[in-house]
Amino acid sequence: MNYAIVGFGAIGQALARMFARKDIEVAVASRHPPEALAPQANAIGPTIVPKTLKDALEADIVLLAVPYEQHQEVAKARASWKGKIVIDVTNTLEDLGGLPSSSVVAQALPGAQLVKAFNHLPARVLAEDPAINGGRRVVFLSSDDESATTRIAALVEQLGYASVNLGKIAEGGLLVQGRNGIWAPLIFQDLFKKEQ
């Protein structure tokens, strides 16, 4: 299984830190060439590998960490999304005609298995160690694809977080997405699960 983070701003770098903490290799890419990302990637750790967008999109699991309005641009960078798992880390308060933003992103990536995750926490919180006081920071998951949810839940746990499955995007997923100009109730909620 290999991983890529597309978008290397504050959120993308926070995600990269998660992988670096566990010595898991992850490709990072953005609109900029790999050499422009190298200084920050090297500062995070040796398992953070800058690549071109085209090469990064070859990964089995792609974390989409670009501003929401750039998701179409990323979608066009790959001819087929079939067989890819995409973790949607984007957020928006745009009016999308009542649709959850992840449903709009999924439409732009036909064939991909989309899971909403890691989007409810600010970058500075995502960059912190998820283990605190005998508990693990919660990451909410929502998807219309059960097998993809299972795989991403395993990744979340491997990265040291506690996964909480909210169900389908149009149901529990609405709790972690902006809608009609308002943030949903679980956005920015920093919750912990105590070890049993």
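Other residues whose C-beta falls under 13 angstrom from the C-beta of Thr90 contribute a net charge of -3, scoring Lys and Arg +1 and Asp and Glu -1.
How high is the relative contact order of the chain? Use alpha-carbon pairs under 8 Å, at least six apart in sequence, and give a whole percent. With pairs under 8 Å counted, the relative contact order is 19 percent. Annotation: the antiparallel percentage among DSSP beta bridges lying fully within segment 17-164 is about 20.
Counting other C-beta atoms within 10 Å, and keeping those with at most 14, which DSSP coil trypsin sites (Lys or Arg not before Pro) do you find in segment 65-98? Don't skip to the end; give the middle numbers.
Details: sites: Lys76, Arg78, Lys82, Lys84; in loops: Arg78, Lys82, Lys84.
Here the trypsin sites (Lys or Arg not before Pro) that fit, given the DSSP loop and packing criteria, are Lys82.
Taking a ≥ b ≥ c as the square roots of the eigenvalues of the Cα gyration tensor, segment 137-196 is oblate, since a/c reaches 1.5 or more and a/b is not larger than b/c.
Rounded if a/c is under 1.5, else prolate if a/b is larger than b/c, else oblate: which is segment 1-146, with a ≥ b ≥ c the root eigenvalues of its Cα gyration tensor?
Numbers: a/c = 1.63, a/b = 1.16, b/c = 1.41.
Oblate is the answer for segment 1-146, as a/c is 1.5 or above yet b/c matches or exceeds a/b.
Electrostatic tally near Ala16: other residues with Cβ closer than 12 Å to its Cβ, Lys and Arg +1, Asp and Glu -1, net +2. The count of lysine pairs in segment 3-194 that are at least 8 places apart or cross chains, and whose C-alpha atoms lie under 22 Å apart, stands at 19.
Within the shell defined by Cβ-Cβ distances under 9 Å, the residues around Pro130 carry a net charge of +1, with Lys and Arg each +1 and Asp and Glu each -1.
None of the figures in this text is laboratory data; all of them are computed from the coordinates on show. Bear in mind the structure is a predicted one, so any value in this text is a computation, not a measurement. Positions of Cβ are generated from backbone atoms using ideal geometry, with glycine treated the same way; all protein chains shown enter the neighbour counts.
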